[in-house]
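Right, one structure below, let's go through it.
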Amino acid sequence: MKCTSSIFLGFIFIFLFYERTNGQASQTSRSITVVRTASKIIADGKLDEEIWQTAPLADSFINKWPTDTGRARLQTEVRIVYDDQYIYFGIKAYMADKLPVIQSLKRDINPYYSDGVSVVLDPANKSTSGYTFGVNASGAQMDGIVQVNSDTFDWDTKWYSATHMYVGYWTAELAIPFRSFRFPDGATQWGINFIRNDMTNNCFSTWNQVPIQFFGANLNCLGKIIFSHDVPRVSGNNAFIPYVSSKIDQEGEKISVTPNAGIDAKIAVNSSLNLDITVNPDFSEVDVDRQIINLDRFNVLLPERRTFFLENSDLFSNLGIENAAVPFVSRTIGLTADGRIVPIIAGLRFTGNINPSFRLGVMNIQSAEKYGQSPQNYTVAAFDHKIFKRSNIRGIVTNRQEISGNQSKDPGATYNRVAGAELNFLSNNTRFNGRAGYYHSFNPGNLKSSGFGLASIGYTDKHINFTAGWSQIDSNYISDLGFTPRLYNYDAVNDTTVRIGYNAYTQSFDYTFYPRSKKTMNSIDLSVKTNEYFTQLNTFSEFNGNTGLDFLFANRREASVAWFQNSVSLPFQTTIFSEAGSLPKAKYNFGFLQLKFQSNFLKPFSWGLTFEHGGYYNGKRTTYTGNIKYRRQPWGNFEIDFVYNKIVLNGKEIRPFIIGPTIEFAFSTTLFWTTFLQYNTEIKNFNVNSRLQWRFKPGSDIYLVYTDNYLTDGLVHSSRNLVFKLSYWLN
């Protein structure tokens, strides 16, 4: 009943606004025809080749933010040509009389917050998935995978670029091999856009117009690139990346040396389908997890950082409800719940477009035996089929299978499977959206009540963003490869975890006001959000909601104030912090005030602070979360992050805190050194992680990683290791 009424009210809301809406996708539909060249182009950033004088030109950039109309204050010119192997972009970006803002020379770091230019490509021209390549004014590269209205910069491929600084403007050349990404064979039109970051004036502009409420690389707002001749057929589009490494471990007085080797391969099945293979992968170079103090009684999901799982991850992971009920989370493979590494023997991933409207992905991973866990085989298959103009149907099947002859004593642990699909609707004018989906869990014993269903509707325009949704998770919806934290409730008396199915009803409303004059304020946002949870017997479980105001000033400072209200009915005696004892089974009502401020992070010195104070179950909580950062442009970043809590529960006071300094040196666009420290009183650990990376050739790296751990009580040494790793891209 609550689901029906929420969604019905949402439809009424949409209907009331429908007659007053006009299309909100891009108001321009630009296109450019590019020509093939026989001239040799060297990507040195100087644009001194003759072809750049006559190549087709993309110019007249349009404001994107803080306003989305009118010509950009500082203009950008992009010329495009191609040959049998590369597509080239020659860029001329005009400057003011200020030095450009460069956050770092490091690859993929804050790509949109340095002065720079990026290219967004949708080779399938279907607005489902694409690529972005870009450089900042000092030559640092960024590349990533673009989804419909978001992107990730964890994808990495082989390409070439350089920049050059002149009086009044800077230039860049990008040479991107056709073999570095996948595209449909024979396609003569691609989606394309260009994004200019003008951080000296604190604004963004694009070639094809992008409404202010959308992400700059939005695939629904692309122009077109038309090839004068067919796109070259790419042959031998394969890459092999072998590695060798050596690790020195010390625990107490024991020292061990472990050599290692493996290989990754990227095999082109055809121009738009790719097979990725990894044998004995090594992720020792990956950044350590940023530690947190979890104030909730449920687990939190830490981000995936391993490259093999990040490439094309949108196809496998953009399903379900983010941070609430996700059918597949790659961190469940090769990592224990507490972050320990389980060796992966080998894996493969088959992804790409079967046709321009249909994407397919299949992944299979084999893990080894470790920490008493039997060897496991993991299979994930997902698809994305575009329907209508901007909508799609997505589906997934996951399977975890115990394969050892010496199987677990628990027969329920031998396998777990989940299958499901959902429809994602987006209207042609991009204002109205809706979702509906169902997933089912298959386990030994054919357990009943094993489903997960969801439905939502929404409306978005320049000022309003409204959503109303419902979801239901049954008590036996077990997803070993997924993430369903609220399903699992800890019973402190019996020291066990109990699955309790529930229904969730969510509503959110945001209204953003954009003042005509941007001299003082860029925007003011009012938000109201509520979440209600009931057991499947329709008994109350939890309510949490918040309302707040956010002020974004023209000088890029940001301030917000919000009130959070909670009502929680604990089903069992529950422990959140062991030092404070267990909370009795009862209903708790509490609220707290949140104040936030962030200074202009584009300045060399910036800082931010969040203050929270109010009730916390049967006690009180005061939390300070902040950061202080100094940038020595362009070679150094020095930052301190901290979280401090003063918590009273059951009449006992505890003060868990984390302080984490980070020191980053970028000696050039290919040589970086980052040291990250974390002092965490909650887990009583002091961690040091220092990583030196030299990208000596595109796609090829040498890493030297040092990790050290101490107990916070007396700084007693716990463990340390040193890793050397060399990887080399061959194609």
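The values are calculated or read from the model by the stated rules, or taken from the named source; none is laboratory data. Just so we're clear, the structure is a prediction, and the values are computed from it rather than from any experiment. In this analysis, Cβ positions are derived from the backbone assuming ideal geometry, glycine residues included, and neighbour counts consider all displayed protein chains. Ligands, DNA and RNA are excluded from the accessible area calculation, which covers all protein heavy atoms including side chains. Shrake-Rupley method; radii C 1.70, N 1.55, O 1.52, S 1.80 Å.
Of the numbered criteria (1) in contact with a helix residue (DSSP H, G or I) (Cβ under 7 Å, 6 or more places away or on another chain); (2) farther than 22 Å from Val498 by Cβ, the one Ser404 fails is (1). The sole residue among Asn299, Asn274, Asn270, Asn294 that is touching a helix residue (DSSP H, G or I) at 6+ places or on another chain (Cβ under 8 Å) and either crowded, with 19+ Cβ neighbours inside 10 Å or not charged (D, E, K, R) (or both) is Asn299. Listed here are the strands (runs of 3 or more DSSP E) enclosed by region 583-672 that have at least 2 residues being out of contact with any helix residue (DSSP H, G or I) (no Cβ under 9 Å at 6 or more places or on another chain): 587-598, 605-616, 619-632, 636-649, 657-666.
Against the list (1) part of a loop (DSSP other than H, G, I, E, B); (2) within 30 Å of Thr467 (Cα to Cα); (3) at pLDDT below 90, the condition Leu16 fails is (1).
Considering Lys652, Lys596, the condition of being more than 24 Å from the chain's Cα centre (by Cα), over 20 Å from Tyr113 (Cα atoms) and among the charged types (D, E, K, R) is satisfied by Lys652 alone. Only a single item in (1) part of a loop (DSSP other than H, G, I, E, B); (2) under 19 Å from Val210 (Cβ atoms) is not met by Arg107, and it is number (2). As for region 504-512, it holds at least one residue that is over 23 Å from the mean Cα position of the chain (by Cα), over 30 Å from Ile212 (Cβ atoms) and of a type outside the set (Gly, Ala, Ser). Go through the residues of region 308-316 one by one and say whether even a single one is out of contact with any strand residue (DSSP E or B) (no Cβ under 9 Å at 6 or more places or on another chain) and not in a helix (DSSP H, G or I). No - not one qualifying residue is present in region 308-316.
Once region 514-551 is narrowed to residues that are assigned to a loop (DSSP other than H, G, I, E, B) and without any contact (Cβ under 8 Å) to a residue 60 or more places away in the chain, the residue that is least open to solvent (accessible area, probe 1.4 Å) is Pro515. Only residues that are aliphatic (A, V, I, L, M), surrounded by fewer than 20 Cβ atoms within 10 Å (Cβ to Cβ) and under 24 Å from Tyr477 (Cβ atoms) were counted across region 336-375, and they come to 2.
In the set Asn274, Asn270, which member is at pLDDT 85 or above and more than 20 Å from the chain's Cα centre (by Cα)? Just one listed residue meets the conditions, Asn274. Ala554 passes every criterion in (1) open to solvent by less than 50 Å² (accessible area, probe 1.4 Å); (2) more than 29 Å from Thr67 (Cβ to Cβ) apart from (2).
Is it true that Phe328 is touching a residue at least 12 places away in the same chain (Cβ under 8 Å) and either farther than 27 Å from Asp296 by Cα or open to solvent by 40 Å² or more (accessible area, probe 1.4 Å) (or both)? It is false that Phe328 is touching a residue at least 12 places away in the same chain (Cβ under 8 Å) and either farther than 27 Å from Asp296 by Cα or open to solvent by 40 Å² or more (accessible area, probe 1.4 Å) (or both). Here Ile345 fulfils each of the conditions (1) more than 23 Å from Lys126 (Cβ to Cβ); (2) within 22 Å of the chain's Cα centre (by Cα); (3) not basic (Lys, Arg) apart from (2).
Has region 493-503 got any residue that is small (Gly, Ala, Ser), in a strand (DSSP E or B) and in contact with a strand residue (DSSP E or B) (Cβ under 7 Å, 6 or more places away or on another chain)? No, region 493-503 contains no residue that is small (Gly, Ala, Ser), in a strand (DSSP E or B) and in contact with a strand residue (DSSP E or B) (Cβ under 7 Å, 6 or more places away or on another chain). Considering each residue of region 708-716 in turn, at least one proves to be polar (S, T, N, Q) and either open to solvent by 40 Å² or more (accessible area, probe 1.4 Å) or under 29 Å from Val643 (Cβ atoms) (or both). Only residues that are buried (at least 18 other Cβ atoms within 10 Å of the Cβ) and assigned to a loop (DSSP other than H, G, I, E, B) were counted in region 48-73, giving 6.
Does region 202-209 contain at least one residue that is of a type in the set (Gly, Ala, Ser), open to solvent by less than 20 Å² (accessible area, probe 1.4 Å) and part of a strand (DSSP E or B)?
Scanning region 202-209 turns up at least one residue that is of a type in the set (Gly, Ala, Ser), open to solvent by less than 20 Å² (accessible area, probe 1.4 Å) and part of a strand (DSSP E or B).
Looking only at residues of region 210-238 that are closer than 20 Å to Asp83 by Cβ and open to solvent by less than 30 Å² (accessible area, probe 1.4 Å), we find that the one that is modelled with the lowest pLDDT is Asn237. Only one entry of Asp495, Asp491, Asp510 meets the criterion of being open to solvent by less than 30 Å² (accessible area, probe 1.4 Å), among the charged types (D, E, K, R) and out of contact with any Pro (no Cβ under 9 Å at 6 or more places or on another chain), and that entry is Asp510. Residue count for region 143-189 satisfying the condition of being within 29 Å of Phe214 (Cβ to Cβ), among the β-branched types (Val, Ile, Thr) and more than 21 Å from the chain's Cα centre (by Cα): 4.
The residues of region 565-604 that are open to solvent by 50 Å² or more (accessible area, probe 1.4 Å) and closer than 17 Å to Tyr533 by Cβ, listed by number, are Gln565, Lys585, Lys587, Asn589.
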